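A short worksheet on the structure shown next.
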Amino acid sequence: MSYSLTHTGIVLKNFPGKYKIALLDESAGRIDAVHFGQEFSPGTAIQYHISFNHNGRGNPKIDDVHLYAMPFFLARSDVLFLHHVLEICFHFVPVGSCTDGIFDALRLLYATDPLEWNMLYKKIFLFKLFVTIGYYPDVEKIGKRFVGILLESSLNDIPSDIEVPDLERHLTDWLRQCIAQHPAIEYFNTVQFVTRN
């Protein structure tokens, strides 16, 4: 026997031909679900019914899927950044993880005007995302004062035109370190986001 609830989630990855989709679900966290319907592009926010098996075995099934939102502005202005965020969530958030704040962080990609986000601001977003996920190796390299400012402030409180000498360079090095330490680094397709500048 299974039960079904209405959920909202963001598509992280499709598995073509396997009837499987990786989602960051608002309440269930990171899940891989069985889905027999239309494929949605990564980054698409969808609403759906989800059926969990009562014994907890196997992937949940989603159906009655509807488009909820698309990050059109971000996809137009920096599709590489969008896909990098999704790839980080896919690889760094374990299936079954329900860490508070990750879904809300991604919700910002739909709610704000990304044209106002410069490269430093995007790297601050990634820093805060990694910390929210619970992954933060060697933050000392960034500097205690800057780490404190970044951790204590919400993204809405950090000005997009923040000017701190060397902060972007330190963040870039730190983000590269985070990704390089992942055991599945060879499966990443968007590492050039942090290596291009």
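Annotations
- The alpha carbon radius of gyration of segment 6-110, expressed as a multiple of 2.2 N^0.38 Å, is 1.00.
- Dipole of segment 1-103 computed with +1 at Lys/Arg Cβ and -1 at Asp/Glu Cβ about the Cα centre; of Ser97, Pro60, Phe81, farthest Cα towards the positive end is Pro60.
- Carbon + sulfur, % of accessible area of segment 67-124 - ligands and nucleic acids excluded, 1.4 Å: 59 percent
- Surface per residue (accessible, 1.4 Å probe) for segment 1-105, Å²: 50 Å²
The values are calculated or read from the model by the stated rules, or taken from the named source; none is laboratory data. All values derive from a computational prediction rather than experimental measurement. Cβ: placed from backbone, ideal geometry, glycine included. Neighbour counts: every protein chain shown. Calculation scope for accessible area: heavy atoms of the full protein, side chains included, ligands and nucleic acids excluded. Shrake-Rupley method; radii C 1.70, N 1.55, O 1.52, S 1.80 Å.
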